[in-house]
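The values are calculated or read from the model by the stated rules, or taken from the named source; none is laboratory data. A quick note: this is a predicted structure, and the numbers were derived from the prediction, not measured. Quick reminder, even Gly has a Cβ in these numbers, built from the backbone with ideal geometry, and neighbours come from all protein chains shown. The protein model used for the area step is the full one, side chains on, heavy atoms only, and it has no ligands, DNA or RNA in it. Shrake-Rupley method; radii C 1.70, N 1.55, O 1.52, S 1.80 Å.
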Amino acid sequence: MRGQSVRILGLDPGSQATGFGVIDWIDGDARYVASGAIRTTGSDFPPRLRQIFEGVLVLMREHAPTEVAIERVFMHRNADSALKLGQARGAALCAVFGDAPEVFEYAPREVKLAVVGQGGAQKEQVQLMVRTLLRLQGELGADAADAIGIALCHAYSREARRIVDAGAARGLRP
């Protein structure tokens, strides 16, 4: 089906830096819109969560995504780090709910597999592939590249679902 367009916000939550990437998915083609990181300051944790929340609110207002893709929390060796990551993720999610976009979650390995073709890819490989896939020039920070990777993973997943659904509508089985 031609003429389909969706704006996707990818979020890579972190307590010190929450990466974001915005792409438009138009007729099966990804187009770069914006990326960067919400960098938190201060040593107290609750104010940093507020900075993440407020930063994502600004992104929602500026870019009006219809779908949000966010990295699923994975277990760290350090329980304190995992808890902080989960709280940063929660702050980011709370900020998107006011606009009621659809929210999708992806595991880190799933994102790397979709973007690089290997679930155990290194951050540098994700950065290179994101720059290559979107034909971006210049530097791209790791947090922004990861967030764009999450948005691309979602775009590819939604395209695969669209193809399967179209086949099912014609009586074909996956």
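A few points about this structure:
- Selection count, the stretch 75-84, where residues are surrounded by fewer than 19 Cβ atoms within 10 Å (Cβ to Cβ) and either outside any helix (DSSP H, G or I) or in contact (Cβ under 8 Å) with a residue 12 or more places away in the chain (or both): 4
- Which numbered condition LEU49 misses (of (1) open to solvent by less than 80 Å² (accessible area, probe 1.4 Å); (2) under 27 Å from LEU136 (Cβ atoms); (3) modelled with pLDDT of 95 or more; (4) not aromatic (Phe, Trp, Tyr)): (2)
Residue-by-condition table, conditions (1) part of a strand (DSSP E or B); (2) open to solvent by 60 Å² or more (accessible area, probe 1.4 Å); (3) more than 30 Å from LEU133 (Cβ to Cβ):
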position: ILE23; (1), (2), (3): yes, no, no
position: ARG31; (1), (2), (3): yes, yes, no
position: SER43; (1), (2), (3): no, yes, yes
position: GLU54; (1), (2), (3): no, yes, yes
position: LEU59; (1), (2), (3): no, no, no
position: ALA69; (1), (2), (3): yes, no, no
position: VAL73; (1), (2), (3): no, yes, no
position: LEU93; (1), (2), (3): no, no, no
position: VAL96; (1), (2), (3): no, no, no
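- Cross-chain or 6+ apart pairs with Cβ under 8 Å, the stretch 43-56 first and farther than 13 Å from PHE20 by Cα, then open to solvent by 80 Å² or more (accessible area, probe 1.4 Å): PHE45/GLN87; ARG48/GLN16; ARG48/THR41; LEU49/GLN87; GLN51/THR41
- Selection status of ALA100, on the phi > 0 side of the Ramachandran plot and either surrounded by fewer than 14 Cβ atoms within 10 Å (Cβ to Cβ) or not in a helix (DSSP H, G or I) (or both): yes
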